[in-house]
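Comments concern the structure below.
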Amino acid sequence: MAIVLSAFSSLVAAWFAFDLIRSAVASRRPHTAAYAAGMTMFAVATLASFLSIAFGWTDGIYKIFYLFGGVLNVPFLALGSVYLVGGERWGRAMLGLLLPFTLMATLLVLPAAMGPIPDEILPRGSEIFASDGITTLVAIGSGIGASILIVAGLTSVLRFWRRSKPLVAGNLLIVAGTFVAAAQRTIVDATGSQELFTATLLTAVSLIWAGYRLAVGRRATIMAPGRIA
């Protein structure tokens, strides 16, 4: 059951990522590019999860899973929301912080020393990595990224409450997806269930993608050309 659910989640996440990449190429909007990057990282993380179920964890698979599924994906989605809600100025400011954070995280995680990885459960980074600094990256990346996503989503809800109910609904879906994504770490810590983690990840990805599609599509119809960040 776990491998079927994981394979399905990987296909869905890959389709969402492809859809956003295609939109980013067509529109050349920075918010779409940032959302496409974040969703692609979700897709890579779900593929790593599938490979772990099919063939077992390796150091390389776990590091890819941890880096893209735990550290970087939510901040890049948050960058998309900052561009979308705050505009070019705030988006560029966040990008200026996110790029060195991404480089630092990559240089810390990929060469990191690791302990043995159990195959039966989804392991926690704190039990695998020798350095406490690596697990701190998750708290920084996911915690701050999720907070930004929620604030940006609620700000957009307040801004367009009377102008566009679909836009409000789309942003609320993004906020809901962010809460679900933030719950993943708690689920892993409490249960270690890879099936439950995969189902949670699929739910979060679906909510965020659907909310983005609804919010951006509706915003484009009620704002003047060039006003979308």
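Nothing in this text is a laboratory measurement; each read-out follows from the coordinates by a stated rule. Model, not experiment: these values are computed from the prediction. Backbone-built Cβ (ideal geometry, glycine too); neighbour counts: all protein chains shown.
Quick rundown of the values:
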read-out	value
Least to most buried among 39, 104 (fewest other Cβ within 10 Å first)	104, 39
CD proxy at 222 nm, helix term only [per DSSP H run n ≥ 4: -39500 (n - 2.57); per residue of the chain; nearest 500]	-28000 deg cm²/dmol
Per-residue Cβ neighbour rank within 10 angstrom, fewest leading, 138, 25	25, 138
Sorted by Cβ density within 10 Å, fewest first, the residues 81, 142, 6	142, 6, 81
Inter-centroid distance (Cα atoms) of segment 139-172 relative to segment 85-111, Å	20
Chymotrypsin sites (Phe, Trp or Tyr not before Pro) within segment 110-177, DSSP loop, no more than 16 other Cβ atoms inside 10 Å	161
For residue 124, residues with placed amide H under 5 Å, excluding near neighbours	none
Within segment 2-222: Cβ-based charge dipole about Cα centre, in debye rounded to nearest 20 (Lys, Arg +1; Asp, Glu -1)	1420
Under the span-like rule (Cα at least 20 Å along the axis, Kyte-Doolittle mean at least -0.5), DSSP H helices of the chain	2-27, 30-55, 88-109, 132-160, 165-191, 194-222
Candidate values [x] 1.30; [y] 1.05; [z] 1.00, label of the one derived for Cα Rg over 2.2 N^0.38 Å	[z]
